[in-house]
Each structure stands twice: as C-alpha cells, then as structure tokens.
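The values are calculated or read from the model by the stated rules, or taken from the named source; none is laboratory data. The structure presented is a predicted model; accordingly, all values stated were derived computationally and were not measured. Neighbour counts are summed over all protein chains in view; Cβ atoms, including those assigned to glycine, are modelled from backbone coordinates with ideal geometry.
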Amino acid sequence: MSTSTQQPSAGPDTSAPSQGALGGHEKQAPWVPWAVFGAAAVLALAIGLLTSWNIVLFVIYTVVLGTLGTYLLSRVTEGPRKAVDRLVTCLVVSAFGIAMVPLVSLVYEVIRRGAERFDAEFFSASLQGVIGPGGGAYHALMGTLIITLLTTLISVPIGLMTAIYLVEYGTGRLKRSITFFIDVMTGIPSIVAGLFAYALFVLIFGPGVRLGIMGAVALSVLMIPVVVRSAEEVLKLVPNELREAAYALGVPKWRTILKVVIPTAIAGLATGVTLAIARVIGETAPLLITVGITNALNFNAFDGRMATLPVYAYYQLTQPGVPPQDAIDRAWTAALVLIMLVMGLNVVARLISRLFAPKTSR
Amino acid sequence: MTSTTSAPPAQQPKSRPGDRIFAGTAKGAGILILVILAGVAVFLISESVPALTASADEIPGDGGLASYIGPLIFGTLLSAVIALLVATPLAVAIALFITFYAPRKLAAGLGYVVDLLAAIPSIVYGFWGIFWLAPRLVPFYRWLEENLGFIPFFAGPVSSTGRTMLTIGLVLAVMILPIVSAISREVFSQVPTLHTEAALALGATRWEMIKMAVIPYGKSGVIGGSMLGLGRALGETMAVAIILSGSAAGITWALISSANPQTIAANIALQFPESTGLAVNTLIASGLALFVITLLVNMLARWVVNRRSDFSGAN
C-alpha cells in the first residue's frame, strides 16, 4: 500500500483522531444518526401536539431538529470537520426529498381526481351538444393523435437527414453553425413556435386562420432539434470499422449509410424519436394559438379548428360552463390521459433501447 | 503511412448520382433548419411591424408598445429569476446526492425519477399548482406577511388564493429542476476520479472532497445548466397562464399579493384566442421580445457549457 516504511508508523498515531473521515463510521455507530432523527421526530410530535397538529410542520420540524442534532452531536464527539460533512449529507438528502414532494403529490392528485371520469364514455364521446355531465374527449384524443402523427412525419425525415449530414458529411463552418443553431432551437419557447406557425400561415390564408396542420408545423419547430440531437448521438456511436468495411467492399457511401449505419443504430434512433414524440405530445401553448378548440369531431387537419387533449384540458378547466364540476372532472381526466401517454412513451422508449441494445453495442 | 491512409478518402468522390442526391438531401435538411430558424425571426418581425409602427393609443392599454410590454418583461424576468434562485441550489444538491451519496445500485434509478419531473406536461403542472400547491401556500404567505412584511417582497395584502408570483416561481423551479440537475450530474460524473480519490486519500471528508475537487471542476457546467433552466423558465407558458392571477399591476416587487404582473408567454396564451387586428400584432411583438431574450440567454448558456467542454479534454 505505502512505499515508505517510516510514514505508516507515524501516521496512525498523529492523524487517527482527525482521520475518522476515511473509515466512515469508525467513531460513531451507523445507527446513531437514525436514533437522532427518531428523537427529533418524537420532539416534533410533542411540539405538534402542544401547539396545532400539522403533518407538514411535523416533517419540517423533524428534519430541521434531526439535522441540527446530528450536527451538534457529531461536533461534540467527532470534531467540526466530520460534523460539517454530516450536515451536508443531511442537507443533500433533504434536497432530494424536497424534489420528490411535487412529483409524488402531482401524480397522486392527478390520478385521484382523474379517476373520476376515467370511463368508456370519456374515450368514445365528443363534447358536441354536451351540457353538464357526460361527454368525453374522443375528438380531442383523435386530434392529438393526428397532429402528433403529422408532426412526426415532418420532423423525423428532416431531423434524421440533418443528423446524417452532421455525422457523415458535415465539415467546417456549416456543420458548426448547424450544431450551434440546433442548440439554440432547443431553447425556443413553445409559444414562440406557435406564433411562428401563425405568422407563417397568416401570410398565406389571412388573419384569424386556425388549422390542424399549423399546429403540426409549430410542434415540428420544437421536435426537430430533439430528433437531431438524439439521432446525432446515436449515429456517432456506430463504429467506424463498419463503414470502412462497407467502403472496402465497394459499397457507395449513401448505400453504406442506408444499409449499414442506420440498421445498426435503428434501436437508438427509435428511442430518440419516441422520446421526441413524448416531448411534444403534451405541448399546449402552440396548439392553443394555432389549432384552437372545437367541440365536434374533425379528422381533417387541413380544414378548420381541431380539438387536442392539452387544449381541451385547458378550456375545460378555465371555461367550465354552468355546473363547473363536470367540466373540471373532464379536465383532470384529460390531464391523467396526457400523463399516461407521456409516461407510456417514455417506457416504450426505454423498452426499445433495452430490447434492441445488444445489436447496437456489437 | 500517412499517404496511404489519406488516399482512400481522396479517391472516394467518384461522384455516383446516388451519392450526390443523398448528400445533397442531407445537406439540404441541415440548411432547412437554418432557414426555419431565420424564418421564425423574419415572420415574427414582419407580423409585429404593424404594432411597432402604430401610434400609442392604438395599442391595447392605450399607453404605447413600451408600456404594454415593459411590465410583461418585468414579470417574465422576475418569475424566472425566483425559479432560478430556488432551483439551482436544490438541483446541485440533488446532483451531488445522486452522484456521490446515493448507493451505486440506486443512483441510476433515482436519476430517472428526477427526470420524470421533466416528462410531465406543463399544463399538468398548472393543474397541480392551482389546485394543490397554491391553497397550501396561503398559510405560509400569511406567516411571511406577519413576520417579514417589512421586506417589500412580502408586503401585503396577502392573496387569498395563493395564485401569486412566488407560487409561480416555485412551480417554475420544480419544472426546471430536472434540466439543471441533469446537466450538473453530467458534469459531476466527469470529474476525474484521480482528483476525487486524491482528495479522499489526503484524509478529506466527503464534503471536503466535493468542495475541493468537484465544485471547482463543475462550476461552469452548473452555471451553464442553470442558464439553460433560466431559458426554459422564461418561455414557460401554460403553468403560468393557469396559476398566476395576473392583473395590470405594472411593475411591483410584492411577491405574495394578489396584484401581479403577467409574463409575456402567459399573456400571449391568455389573450391570443380572443384577439383580432392590431392586438394580435402587439402580442406577436411581445413574443418577439421573448424570443430575443431567450435566444440571448440560451446562446450565453451554450457558450458557457461549450467552453467548459473544451477544457474537459485535459483530464
């Protein structure tokens, strides 16, 4: 372990008291911090019972008291350096706990309220002529699927070809500027993408135009950079040996890309596209200003307003009508369906990359 | 040796038609992206020209374009900065927890759980914020007003619904948490193992190791990541549109009262569907302002992040 013979003999004597850090819990048994937090919980319970009971305050008191207790105890028994280390550990773990609060409460809340109207009618009926209870989001669901499909049809070819250009062909200034502006494009606010699509179509159709295809164009502005980034990463992973082997057999470059590079990377590409769809399927703002809302079925993206799930949820919540509760229930169910779609796509993406991963890694 | 390796690429362009078509299409797609981005700028400018040239009393609010957009820009910046101040320390702590504190087997799973926050659509955050978070924050705001009311930020009267600027800041903080912590995590995991192990071998505690080896290495990455988060928060629309009870409050620093400036993005979402004529052009002009602000923030962020990646090759 050590090269010098004199150092180790001197080492343990002088540095043992302060070097407890290396050994971890040499000086303090591992159960001590837990015991401190247990005591803090009891104390917090006492405070809570004496004043007014509140679960949030109880948790806050427990964490604060436990952290303080751990710090002070460690400072007395182990010295200031170890104490600060324990303090930071407590803070870092609590930070993670704080981040879990919104996630858990959000998912719980959406499931609880969304389950109310999660029935067959919601998926089979539109809102045409519906006042009060009943009605569904069939039209909005179909609108979301049609617009997302169109978005995918626009974005994937452009994004994939750009990624191929960047990885296989690109050189010099053009490649650098495309890469840079793709990064910039990732940060375009979704509402600005919507305004762009609106401004573009206004020039052609005149003011006040609302079409499904406008929404697809707006969403494409958001989706293309995501597709390019993920496809670029995946194409870079394809080993150069495969390309060189193909060239050595006299295969032209474009056939090499189509027959060797893309099949090798197909799982990664599919994962990237799925994640990109998940990214845009929940977008509300651009659809709100380009596609609008309707209560009737409309399967034609080139003719008039369409309903989409996020916009449907938004209007059901903000303009619920006379007995508001029915519409608000529908809004929550739409939110639940939306979360299920996004999470489902994420799971599918993970499955694709896991199931087909061995092929790409070879 | 060098001549033989460089020779095949030199012979390669034998100019097959298939090759030329394919390469041309790929290049065209790349250029198309630049055209789209330029198009975004050009169309936004061309549609906002009527608002830029209109006289002051034609603009909604009768005060001219500057006094219409000014408070909106203020509201946008204020909410985004609150989000940034809340999210950055939290995100760095989470990144540290996942990289250095969590058990190795759990780390990837925990990272995925934090990333789930990014997968939730912004409108669902709006639902959660208005129904779950805002009412629960009201007692806390009351307490703030009673005890810290002398600070202008917490001046009363407290909003009874909780739909305030501070609530928006917190919701936006949750929404940008995943991106900031993902980039911080990536930077922290790139810290050379030699540095961290050397620090530990010298007897540093885990925190001292982080302070000496991790933070100096990852600082610029964290800054870049939080600026990307800032860009995200500036453009966030639906959550703000649903939660914030915005009014024509103008510029105010009070964070917990019911009079709040609206943000640009939320104002567009709220006003656009019912607007016609010059009002639409005014909204597009405000969108142009938002586009320019986010563009600058993002370019700066990318510059910071990329500058760091140039250095990271040195490990």
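In this structure, A:THR256 does not satisfy being within 22 Å of A:ALA334 (Cβ to Cβ), touching a helix residue (DSSP H, G or I) at 6+ places or on another chain (Cβ under 7 Å) and hydroxyl-bearing (Ser, Thr, Tyr).
For segment A:306-327, the tally of residues that are in a loop (DSSP other than H, G, I, E, B) and surrounded by fewer than 20 Cβ atoms within 10 Å (Cβ to Cβ) stands at 5. Would you confirm whether or not segment A:155-171 contains a residue that is within 18 Å of A:GLU283 (Cα to Cα), surrounded by 16 or more Cβ atoms within 10 Å (Cβ to Cβ) and in the same structural domain as A:GLU233 (by TED's automatic domain parsing)? So far as segment A:155-171 goes, yes, one or more of its residues are within 18 Å of A:GLU283 (Cα to Cα), surrounded by 16 or more Cβ atoms within 10 Å (Cβ to Cβ) and in the same structural domain as A:GLU233 (by TED's automatic domain parsing). The helices (runs of 4 or more DSSP H) found wholly in segment B:92-156 and carrying at least 3 residues that are surrounded by fewer than 17 Cβ atoms within 10 Å (Cβ to Cβ) and more than 8 Å from chain A (Cβ to nearest Cβ) occupy B:104-119, B:134-148. Being away from every other protein chain (no Cβ under 13 Å) and either over 27 Å from A:VAL104 (Cβ atoms) or surrounded by fewer than 24 Cβ atoms within 10 Å (Cβ to Cβ) (or both) is true of A:ALA296. Would you call B:LEU255 under 23 Å from B:MET175 (Cβ atoms) and either within 11 Å of chain A (Cβ to nearest Cβ) or touching a Gly at 6+ places or on another chain (Cβ under 8 Å) (or both)? Here the answer is yes, as B:LEU255 does meet what is asked.
Scanning segment A:260-278 for residues that are within 14 Å of chain B (Cβ to nearest Cβ) and over 13 Å from A:LEU237 (Cβ atoms) yields A:VAL260, A:THR274, A:LEU275, A:ALA276, A:ILE277, A:ALA278.
Scanning segment A:44-94 for residues that are farther than 24 Å from B:THR99 by Cα and among the basic types (Lys, Arg) turns up just one, A:ARG75. When A:LEU145, A:LEU141, A:LEU149, A:LEU200 are screened for being over 25 Å from B:VAL42 (Cα atoms) and either in contact with a helix residue (DSSP H, G or I) (Cβ under 6 Å, 6 or more places away or on another chain) or touching a residue at least 40 places away in the same chain (Cβ under 8 Å) (or both), only A:LEU141 passes. All of A:ARG330, A:ARG350 fail the test of being outside any loop (DSSP other than H, G, I, E, B), surrounded by fewer than 20 Cβ atoms within 10 Å (Cβ to Cβ) and in the same structural domain as A:GLY134 (by TED's automatic domain parsing), apart from A:ARG350.
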